[in-house]
Amino acid sequence: MRTVLAEDDVILADALSANLRHAGFEVEVATNGAVAEYLLTRPGFDLGIIDLGLPLVDGLTVVQRVRAARPTLPLVILTALDGMENRVAGLNAGADDYLTKPFDFPELEARIRALLRRAQAHGSAALPIEAAPNHGADAKVHLGGLVFDREAHRASVRGQMIDLSPREWLLLDLLVSHVRKVISKEQIAQVWSADMSESGGPASLEVYIHRVRRKLEGSGMGIRTVRGLGYLLETQD
């Protein structure tokens, strides 16, 4: 498994990369967040291990951007920050696991292998970005009365098709892929950056959120605004 280890502590990076190679992983070390983001948002790597305290681009931002670009790539956060708010922020940013320093390498290896087993069970491990399903492993997702069909590029509420513009589709795709998890405005902007079919910058995001909210009415699913963090798709009572 080709792995990016994003760690700016040279001594720790050398020790971890040596242990990972001994365990059978192929390791590329990134000593800052910009390099880590560059490597992990492109096909060819199967796993990311990311320290939060990276220079140039912080680890949390790297996780958010990588998760937006490669939704199924297993990501593990390594950090000295062990507060509950840090764990919540890391997991909501898109990390699959969170391990605090100091730690024993056998625990890290066990967590990594558990993540890879789950990824393989869902058919998502080692897929290059071009071959991966857009923003999620499932081609057809059922959430309450909402059916989101990526393969047919259709969405329906209680059997009725809903008309979505390209940006509305990308927004709903991202929300569906991270259902019940907060997605940030930066993640949405990253997904939208590849779409040139519609104009409007970040200031127009609330307009699109409002439009998609209305189109989901009657589905039992709604978009909640989490002040200061972003948005999440959740079941409505």
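The values are calculated or read from the model by the stated rules, or taken from the named source; none is laboratory data. Since the model is a prediction, treat every value here as computed from it, not as a measurement. Positions of Cβ are backbone-derived with ideal geometry, glycine not excepted, and every protein chain shown enters the neighbour counts. The protein model used for the area step is the full one, side chains on, heavy atoms only, and it has no ligands, DNA or RNA in it. Shrake-Rupley method; radii C 1.70, N 1.55, O 1.52, S 1.80 Å.
Filtering the stretch 88-113 to residues that are farther than 19 Å from Leu40 by Cα and touching a residue at least 12 places away in the same chain (Cβ under 8 Å) leaves Ala89, Leu99, Thr100, Lys101, Phe103, Phe105, Leu108, Glu109, Arg111. Across the stretch 7-38, what is the total count of residues that are among the hydrophobic types (A, V, I, L, M, F, W, C) and in contact with an Asp or Glu (Cβ under 6 Å, 6 or more places away or on another chain)? Selection size over the stretch 7-38: 2. Surrounded by fewer than 19 Cβ atoms within 10 Å (Cβ to Cβ), out of contact with any Leu (no Cβ under 7 Å at 6 or more places or on another chain) and not polar (S, T, N, Q): is that true of Pro71 in this structure? No: the conditions fail for Pro71. Every test in (1) over 16 Å from Leu78 (Cα atoms); (2) small (Gly, Ala, Ser); (3) open to solvent by 40 Å² or more (accessible area, probe 1.4 Å) is passed by Gly53 save one, and that test is (1). Just to be sure before I move on: is Asn32 over 16 Å from Arg67 (Cα atoms), among the polar types (S, T, N, Q) and open to solvent by less than 50 Å² (accessible area, probe 1.4 Å) in the structure I sent? Yes: the conditions hold for Asn32. Any residue in the stretch 74-94 that is in contact with a helix residue (DSSP H, G or I) (Cβ under 7 Å, 6 or more places away or on another chain), over 25 Å from Gly228 (Cβ atoms) and surrounded by 20 or more Cβ atoms within 10 Å (Cβ to Cβ)? Checking the stretch 74-94: at least one residue is in contact with a helix residue (DSSP H, G or I) (Cβ under 7 Å, 6 or more places away or on another chain), over 25 Å from Gly228 (Cβ atoms) and surrounded by 20 or more Cβ atoms within 10 Å (Cβ to Cβ).
Somewhere in the stretch 193-204, is a residue of a type in the set (A, V, I, L, M), at pLDDT 80 or above and farther than 14 Å from Met221 by Cβ? Working first, answer last.
Looking only at the stretch 193-204, we keep the residues that are of a type in the set (A, V, I, L, M), and these are 194, 196, 203.
With the extra rule that they be at pLDDT 80 or above, the set shrinks to none.
Within the stretch 193-204, not a single residue is of a type in the set (A, V, I, L, M), at pLDDT 80 or above and farther than 14 Å from Met221 by Cβ.
With respect to Arg42, determine if the residue is buried (at least 18 other Cβ atoms within 10 Å of the Cβ) and within 24 Å of Trp192 (Cβ to Cβ). The answer is no for Arg42.
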